[in-house]
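The values are calculated or read from the model by the stated rules, or taken from the named source; none is laboratory data. A quick note: this is a predicted structure, and the numbers were derived from the prediction, not measured. Here the Cβ is made from the backbone with ideal geometry for all residues, glycine too, and neighbour counts use every protein chain on show. Side chains are part of the model used for accessible areas, which takes the heavy atoms of the whole protein and leaves out ligands, DNA and RNA. Shrake-Rupley method; radii C 1.70, N 1.55, O 1.52, S 1.80 Å.
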Amino acid sequence: MSAHELKSGPLEYRSSQGRMNILGFWIFLAAEIVLFSTLFATYAVLFGRTANAPTPGELFEPSTVLVMTFLLLISSFTCGIAVHEMRRGSVKGLITWLIITLVLGLGFLGFEIYEFIHYTHEGVTLQSSAYWSSFFILTGTHGLHVTLGIGWAILLLIQLAKRGLTPVTSRKVFIISLYWHFLDVIWIFIFTSVYLIGMVV
Amino acid sequence: MQLDEFFVTGEPLIYGAMVSIALVTAAIIFILTYFKKWGWLWREWLTTVDHKKIGIMYIISALAMLFRGGMDALMMRIQLAFPGMNFLNAQHYDEVFTTHGTVMIIFMAMPFLIGLMNIVVPLQIGARDVAFPYLNAVSFWSFFFGAMLFNISFVIGGSPDAGWTSYTPLAGAAMSPGPGQNFYLLGLQLSGIGTLATGINFMVTILKMRAPGMKMFQMPIFSWSTLVTSFIIVFAFPILTVALALMTIDRIFGSQFFTLTGEGMPMMWTNLFWMWGHPEVYIVVLPAFGIFSEIISTFARKQLFGYKAMVWSMIVIAGLSFLVWVHHFFTMGMGAFVNSVFSISTMLIAVPTGVKIFNWLGTLYKGRIQLTTPMLWSLAFIPSFVIGGVTGVMLGMAATDYQYHNSYFLVAHFHYVLIAGTVFACFAGLVYWYPKMFGHKLNERIGKWSLWFFVIGFHVCFFPQYFVGLDGMPRRVFTIIPEWMPLNVISTVGAFGMGMGFAIFVYNIYYSLRYNEREKSGDSWDGRTLEWATPTPVPFYNFATVPHVEGLDAYLIMKEKGQTTFDEANLKPIHMPSNTGQPFIMMSIMFVASFGLVFEWLWMAIAGLIGVIVMMAFRSFDYNDGFYVKVDEIKRTERSARGL
C-alpha cells in the first residue's frame, strides 16, 4: 500500500494512502453537500410556515449575522494561510495560523449561541413551528459541524506539536482545511438564502 | 419505567421468541467457553480488518436476517391464508409487516450484497485490501449493531408498526407514541453510517487501487456495478440520514417538521423517504445485475455480450434512479403535470434495463452453457425479473396506477423484482463464490433441490398476488374476505415452498462442510476474472505478486500465457494493516447511545455519544501503520496453498 511513494510534491500527496484519504474525503464532502442540500430543501419547503410564532423578518438582526459572516470568512482565509505555511515547511507558522483560525471559529460559535438564546427569549424555539424547526436544524447542523471541526483541529494541533510535519500529519491538516472551507461555503448559502431572504420577505 | 413496560408482554409467540433467544445465546456462550474459542473469536473475527472476513461476517448476518424476515413472511402468510384467521391480531400483524420490509431491505439485501462486494471486489481488481480497512470494519459493526438494535425491538419496548416506509403523521409522536418507531429511526440511522462509509470506501478502492494496466473499461462487470452502486449510496444515503434525523427530532424533541400542528408537512416525509428510497432500490439491484453478468458469462463460456452497453446502462439507470421517486405516491395529489413527468421518467428506466436483458440473452446465445447451480439461479432470474419489470411499467403509468396503488398487484410487483433480482442474485453469488470463501463448493445436487423449491415456491407465492390485487385486495390488511381465499391459499403454499428452499440451502452449507471435497486449485469454475487467480483459501494478502492486466477477463489472458499471481522472482515484502478492536468497541458504544435515545433516556444517549467521541480522538492519536509480510512467509504460504 505504501508502494507508490513520491519523492517530491506536497507532503500530503506523497504516499498513496495519503492520496486515497484525500480523495475519500472529497467524496465525503460530496455526501455532506447532499446532506445540507436536503436541509436547505426542507427549509425552502417550510419557509413561511411560522404558525403563531414571530416571522423571521421580525427577529433577524443584520448586524450580528454580518459579524458572524465576516468571522467565518476571515477564518477560511487564515486557514488557507495555515496550509500555505505548511507547504513552506513551517510548523510554527502552521500552528499559529491554525490557532487564529480556531479563535475566529470560536467567535462565530459564540455569536451563534448568543443568537439562539436571543431568539428563545423572543419566544421562538425548535418547537414553535415548522419554519422555526427547519431554521434551527439547518443553522444548528452547520454550527455542530463547526464545533466538531474545532475539536478535531485541537487534536491535530497536539499531534503537530508532538510530531511536526510528516506525510501523515500534513495529510490530516490538509483534510481539515478542506472541511473548514466547506463549512464556509455552506455558511455563505445560509447567509444568503436564510438570513438575507428571511429579512426581506 | 416498569419492567413489564420495558419487555413486551402478553403474546405467546413473543414469549416463545424470548425463550429461543435466551436458549440460543446460552448455547453460543456455552460452545465458545467449552471449546475455549473466545480468544479465537476476538482475534480472528471481532478485530479483523480483512475484507474477506468482514464480507463473510456480513453474509452470515444477512442470512440470519433473511431467516428472521422470512419467519415474519410466513407468519403473515398463515394469517392471510383463510378469512377470519386469529393467528396474528391487527397490531401484531402491523408490526410483522413493518419489520419484514425493513429487515429484508436494510438488514438482509444490502448487507448480503455488500458482503459479496467485500469479498470479491478487491480480488477482482487485483488489490490487497480496500482503501480504508479500518473504516470497513467500522461499517460492518455499525450495520451489525444497527441490525441488533432494530431486532431487539420485538422483545424489548415493542416493534415499530407504521410500515417500512413509516409515513407521517402515522409514524409521528402523536399517533405512534413509545419506543417502537424510535427503534426504526435509530436502527436505520446507525446502520446507515456504515453504508455511507462503505460507499466512499469502495469508490476510492475501485478508482485508485486497480491492478496496474487495468483500465476502467477493463474492469470486471461486478466491480463496475459496485462502483455505480457506491455513487448511488453516496448521493442517496445522506437524504435518509436527514429524514430520519428530522423525524427523530420531531418525536423526541418536539419539532414540527412532519406534524399536523405548527404548520408541519407530513407529505415532506414521503418525498424525502422516497428520494432516498427509490435510489435504494437500485442499490440492491445493480450489484445483483453485476453478479448475474459474471455468472452468465462464466457458464456460457463466452465474454459478456455488449460489455460497454452493460456499463453505460448501469450508469444511466443510476442517474434515472434519482428522478422517479414521485411514482411511489402518484395518488397523493401532485396534479397531472407532475405525475406525467415522473411517469415518463419511470418508463424510461425500462430502456437501459431492457438493454441489459438482451445482453444477457446475447451472452447465452451460442454459448456452451453449463447448468450449474449459480447458472440456474441466473437463468431463473431473467424471465422472472421480466415479469416484475413489465408489471412495474404498468404501475409506472400514473393514470392506471390509481387502480393498482396499494393493492396486492404492487406487492406482487416489487417482490418479483426484489426476490427475482436481489435474492436470486444473493444465492447465485454465494454459491458461485463459495469455494473462494471457504475452500469447498456447495453440493450441487442439494443446491438444485433448494433452487427448485425456492424458485417454484416463489412463483406459486407471488404470481397469484397479481390477480388477487386486481380483484381489489389491498396491501397491509390483516384479514381477508372469502372471495380472496383461493388465491391466498395458493400463495401461502408457495411461501412455505420458499421456506423449504431456504432450509435446504442452510442444510447444504452444513452438508458441504462435512462431505464435499476440498478445492485443489483456486480456479473452481474455470473463471475469467482475477479473483480466480488467487489460491484457495485466499492468503490474507490476496496477491503474492500483483499481475499486470492486459484486457477484459484478465485471468483468462493470464491462463493462456501461463502466468500466475505467484511470480517467485519478483516477491517483495507486502504492507498490510494491523487488526484492531476499536471499530467493534466504538460501535458497541454507539449502540448504547442509540438504545438510550430509543427510550428517550438522554443521559444514556449523551454518555454514549461522549464515549464515541473519545474513541474517535483515540483513533486520531493512533499512528499504527500496519506491518510488512516478509518474503519468506509469502513464499511458504503460497507454496503450501498451491501445492508446490
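Here are the numbers:
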quantity: Flag for B:Tyr408 being modelled with pLDDT under 95 and either of a type in the set (Asp, Glu) or open to solvent by 10 Å² or more (accessible area, probe 1.4 Å) (or both); calculated: no
quantity: Candidate set: the stretch A:17-60, residues that are more than 7 Å from chain B (Cβ to nearest Cβ) and among the aliphatic types (A, V, I, L, M); chosen: the one farthest from B:Val242 (Cα to Cα); calculated: A:Leu59
quantity: Test: residue in the stretch B:64-71 that is at positive phi, assigned by TED's automatic domain parsing to the domain that holds B:Gly158 and not aromatic (Phe, Trp, Tyr); calculated: no
quantity: Odd one out for A:Val194, checked against (1) within 14 Å of chain B (Cβ to nearest Cβ); (2) crowded, with 20+ Cβ neighbours inside 10 Å; calculated: (1)
quantity: Qualifying residue in the stretch A:105-127 (condition: within 14 Å of another protein chain (Cβ to nearest Cβ) and open to solvent by less than 10 Å² (accessible area, probe 1.4 Å)); calculated: yes
quantity: B:Gln563, sole failed condition from (1) assigned to a helix (DSSP H, G or I); (2) open to solvent by 20 Å² or more (accessible area, probe 1.4 Å); (3) closer than 30 Å to B:Ile125 by Cα; calculated: (1)
quantity: Members of the stretch A:154-174 found to be within 11 Å of another protein chain (Cβ to nearest Cβ) and either under 15 Å from A:Met86 (Cα atoms) or assigned to a loop (DSSP other than H, G, I, E, B) (or both), listed by number; calculated: A:Leu156, A:Gln159, A:Arg163, A:Thr166, A:Pro167, A:Val168, A:Thr169, A:Lys172
quantity: Scope the stretch A:36-47; condition open to solvent by 20 Å² or more (accessible area, probe 1.4 Å) and within 17 Å of B:Leu196 (Cα to Cα); matching residues; calculated: A:Ser37
quantity: Considering residues of the stretch B:232-261 that are open to solvent by less than 20 Å² (accessible area, probe 1.4 Å) and either of a type in the set (S, T, N, Q) or assigned to a loop (DSSP other than H, G, I, E, B) (or both) only, the residue nearest to the other protein chains (Cβ to nearest Cβ); calculated: B:Ser255
quantity: Residue under evaluation B:Glu531, criteria (1) in contact (Cβ under 8 Å) with a residue 40 or more places away in the chain; (2) of a type in the set (Asp, Glu); (3) open to solvent by 10 Å² or more (accessible area, probe 1.4 Å); (4) out of contact with any strand residue (DSSP E or B) (no Cβ under 8 Å at 6 or more places or on another chain), criterion not met; calculated: (3)
quantity: Single residue of the stretch B:611-639 satisfying the filter (farther than 19 Å from B:Met587 by Cβ, in a helix (DSSP H, G or I) and of a type outside the set (Val, Ile, Thr)) that is farthest from the other protein chains (Cβ to nearest Cβ); calculated: B:Arg639
quantity: Which numbered condition B:Thr195 misses (of (1) open to solvent by 10 Å² or more (accessible area, probe 1.4 Å); (2) in a helix (DSSP H, G or I); (3) in contact (Cβ under 8 Å) with a residue 40 or more places away in the chain; (4) more than 30 Å from B:Phe543 (Cα to Cα)); calculated: (4)
quantity: Index of the failed condition, B:Phe273 passing every other in (1) buried (at least 23 other Cβ atoms within 10 Å of the Cβ); (2) more than 14 Å from chain A (Cβ to nearest Cβ); calculated: (2)
quantity: Listing of helices (runs of 4 or more DSSP H) fully contained in the stretch B:46-150 that carry 2 or more residues being touching a His at 6+ places or on another chain (Cβ under 7 Å) and under 30 Å from B:Pro212 (Cβ atoms); calculated: B:110-124
quantity: Any helices (runs of 4 or more DSSP H) falling wholly within the stretch A:1-119 and containing at least 3 residues that are closer than 30 Å to B:Gly126 by Cβ; calculated: A:16-45
quantity: Criterion: within 11 Å of another protein chain (Cβ to nearest Cβ) and polar (S, T, N, Q) - qualifying residue of A:Ser177, A:Ser134; calculated: A:Ser134
quantity: Checking B:Ile357 against (1) touching a Pro at 6+ places or on another chain (Cβ under 8 Å); (2) under 18 Å from B:Gly389 (Cα atoms); (3) surrounded by fewer than 22 Cβ atoms within 10 Å (Cβ to Cβ), the condition it does not meet; calculated: (1)
quantity: Some residue of the stretch B:576-583 being among the aliphatic types (A, V, I, L, M) and either part of a loop (DSSP other than H, G, I, E, B) or farther than 30 Å from B:Gln218 by Cα (or both); calculated: no
quantity: Members of the stretch B:577-610 found to be within 14 Å of chain A (Cβ to nearest Cβ), more than 28 Å from B:Asp250 (Cβ to Cβ) and not polar (S, T, N, Q), listed by number; calculated: B:Pro577
quantity: Residues (closer than 30 Å to B:Phe502 by Cα and of a type in the set (Gly, Ala, Ser)) located in the stretch B:341-366; calculated: B:Gly354
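The rows are residues; the columns are (1) modelled with pLDDT under 95; (2) of a type in the set (A, V, I, L, M, F, W, C).
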position	(1), (2)
B:Gly551	yes, no
B:Glu568	yes, no
B:Leu571	yes, yes
B:Phe591	no, yes
B:Gly596	no, no
B:Ala605	no, yes
B:Asn624	yes, no
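Residue by residue, here is whether (1) surrounded by fewer than 15 Cβ atoms within 10 Å (Cβ to Cβ); (2) over 30 Å from A:Thr125 (Cα atoms); (3) hydroxyl-bearing (Ser, Thr, Tyr); (4) under 27 Å from the mean Cα position of the chain (by Cα) holds:
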| site | (1), (2), (3), (4) |
| --- | --- |
| A:Tyr13 | no, yes, yes, yes |
| A:Asn21 | no, yes, no, yes |
| A:Phe25 | no, yes, no, yes |
| A:Val34 | no, no, no, yes |
| A:Arg49 | no, no, no, no |
| A:Asn52 | yes, no, no, no |
| A:Pro62 | yes, no, no, yes |
| A:Leu71 | no, no, no, yes |
